[in-house]
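Heads up, the thing below is written out as structure tokens.
The values are calculated or read from the model by the stated rules, or taken from the named source; none is laboratory data. Small disclaimer: the values here were computed from a predicted structure and weren't measured. Here the Cβ is made from the backbone with ideal geometry for all residues, glycine too, and neighbour counts use every protein chain on show. Quick note on the areas: whole protein, heavy atoms, side chains included, nothing else; ligands and nucleic acids left out. Shrake-Rupley method; radii C 1.70, N 1.55, O 1.52, S 1.80 Å.
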Amino acid sequence: MFLINSEKFAEFDCVNIRNKAQGIELQIIHGFGAIINKYMVNNSPFSFIQGYSSGQELNKTNPFFSRSAKLFPFVNRLNNGHYQYQNNDYQLPANFPWSDQHAVHGLVYNQPFSLIEHQATNEFAMLKFCFQSDKLHSGFPFSVKLEVEYKIQLDGQLTCSTSITNTGTTTFPFADGAHPYFNLGQALKHCLIEMPSCQKLENTDGLPNGQLQVFEQFIKPTSLADINFNDCYQFPEGSQTDPSINLYLSRQDKQAKLHYWQNNIEFNGYRFLQLYTPSEEETIAIEPMTSPADAFNNKIGLQELAPQKSVTLVWGCQASYLTSQ
């Protein structure tokens, strides 16, 4: 049986889902961006999604890692924090200490979300959180409602859905994404990655320049030894029979593995994927995105949402852990 408990993570509200029989634990800090802070299956001695160990660590390191951040209304970087939309100029601030002049990771990554729905059964548990604003910022003066739902099943499969609703009277541009860091409890040099054929976006000064190159380096399981990521990839639109982009991580000793997927069937699905490996820890960020960096300016993958319309975007993962014999 799944159990749901409201708790505190330092000063922030959080919710824990546990299933002791299956060794499952999922922790969401909804008082700080509705971030996933813990994802454990089969009593794994580590969280497959890297989180924060304390409120102090969250406050100190979030500007540099943004673990599991909800990215909206733009993802990654916005060049100089400036963009034009419908003949109007908008300016957003450089919000992180390392971001120079760029605005980074959207406007809701640290906002409090409200728990609006929850359910626990023998088969699954579900949490739904909401954030609503009439005006996120003078640089994004649009009315929006975000609903983020997490559902975990008895086999440990985690599904993460985001519903975006334009609650105003004006169409707005947007990009959506998430920023989870994954961990297999071992150095990445002892892990493998597998990813389908796609196109890698080329950059100029760290921002996409519109050029693409075919990328097939990981179509078979490939060692992550000596591989460093900070790259964005574009995938063809999915179909009814094959709606998802699938990526696989595994340990060479086969004790832990992760199947990651993102839905790409809708016109505004997660067609882009950012991979990033920080030098400070043995994790890999796998970031579903509807567009790459600076989409408000380069228009690559940029979406628009009309008044009173909604869209739902989905990604998920299935972690597996084998206990030692």
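Using the 1.4 Å probe convention, the accessible area of the chain works out to 43 Å² per residue with neighbouring protein chains retained. Scaling the Cα radius of gyration of the range 119-268 by the globular reference 2.2 N^0.38 Å produces a ratio of 1.27.
Percent of Cα pairs in the chain per distance bin of 20 Å, from zero to the largest separation: 32, 61, 7, 0. With a cut-off of 8 Å between alpha carbons and a minimum separation of six or more residues, what is the relative contact order of the range 50-158 in percent? The normalised contact order for the range 50-158 reaches 19 percent. Looking at the range 263-303, what % of the alpha carbon pairs are farther apart than 15 Å? Every Cα pair in the range 263-303 considered, those over 15 Å come to 49 percent. Sparse packing (at most 13 other Cβ atoms within 10 Å of the Cβ) combined with a DSSP loop state is found for the following trypsin sites (Lys or Arg not before Pro) in the range 220-325: Lys254, Lys299, Lys309. Here the alpha carbons of the range 1-92 define both size measures, Rg and Dmax, at 17.2, 57 Å. If you plug the beta carbon distance of Thr61 and Glu7 into 1/(1 + (r/R0)^6) with R0 = 22 Å, you get a FRET efficiency near 0.55. The range 206-262 and the range 111-138 have Cα centres separated by 29 Å. When the Debye formula is applied to the Cα atoms of the range 67-200, each taken as the same point scatterer, what base-10 log of I(q)/I(0) results at q = 0.09, 0.19 Å⁻¹? These q points yield log10 I(q)/I(0) values of -0.37, -1.18.
The count of lysine pairs in the range 114-266 whose Cα atoms are under 30 Å apart, excluding pairs fewer than 8 places apart on the same chain, comes to 17.
The alpha carbons of the range 185-228 give a radius of gyration and a Dmax of 13.0, 37 Å, in that order. Sparse packing (at most 13 other Cβ atoms within 10 Å of the Cβ) combined with a DSSP loop state is found for the following GluC sites (Glu not before Pro) in the range 170-221: Glu216. Along the range 289-296 the Karplus relation, 6.51 cos²θ - 1.76 cosθ + 1.60 evaluated at θ = phi - 60°, assigns HN-Hα couplings of 8, 7, 7, x, 4, 6, 5, 4 Hz to successive residues, with x for each Gly and Pro. For the chain, the Cβ-based charge dipole about the Cα centre amounts to some 420 debye (Lys, Arg positive; Asp, Glu negative; other atoms uncharged). The label-point distance for Ser114 and Asn203, in a model that sets each label 7 Å from Cα toward Cβ, rounds to 3.9 nm. Helix content alone sets the calculated 222 nm mean residue ellipticity of the chain: runs of n ≥ 4 DSSP H residues at -39500 (n - 2.57) each, divided across all residues, give -1000 deg cm²/dmol. Take each peptide in 84-90, 25-31, count the other Cβ atoms within 10 Å of every residue, and average; sorted highest first, the result is 25-31, 84-90. Surface composition of the chain: carbon and sulfur atoms hold 44% of the protein heavy-atom accessible area at a 1.4 Å probe.
A Förster radius of 22 Å, combined with the Cβ-Cβ distance separating Ala21 from Gln252, puts the computed FRET efficiency at roughly 0.15.
Length gained on full extension, Phe46 to Thr312, computed as 0.36 nm times the residue gap minus the Cα-Cα distance: 92.7 nm. Each principal axis of the Cα cloud of the range 118-172 was taken in turn, and the coordinate range along them, longest first, works out to 44, 16, 16 Å. Both radii were evaluated on the Cα set of the range 148-212; the Rg over Rh quotient, with Rh as the Kirkwood radius, amounts to 1.07.
Applying a DSSP loop filter and a limit of 16 other Cβ atoms within 10 Å to the chymotrypsin sites (Phe, Trp or Tyr not before Pro) in the range 37-68 leaves Phe46.
Please find, in a Gaussian network model of the chain (springs between Cα atoms separated by less than 10 Å), the residue of Ala306, Ala175, Ala103 whose mean-square fluctuation is greatest. Looking only at Ala306, Ala175, Ala103, the largest GNM fluctuation is found for Ala306. For the range 40-131, the fraction of C-alpha pairs farther apart than 19 angstrom is 59 percent. Label-to-label distance for Leu322 and Lys145 is 4.7 nm, based on points extended 7 Å past Cα in the beta-carbon direction. When the chain is described by a simple charge dipole with +1 on each Lys and Arg Cβ and -1 on each Asp and Glu Cβ, the residue from Gln50, Gln153, Leu247 located farthest towards its positive end is Gln153. Its Cα gyration tensor gives the range 242-323 an equivalent ellipsoid; the semi-axes, largest first and in whole Å, are 30, 17, 9.
Normalised Debye scattering of the range 173-252 at q = 0.14, 0.26 Å⁻¹ gives log10 I(q)/I(0) of -0.60, -1.37, counting only Cα atoms as equal scatterers and leaving out solvent.
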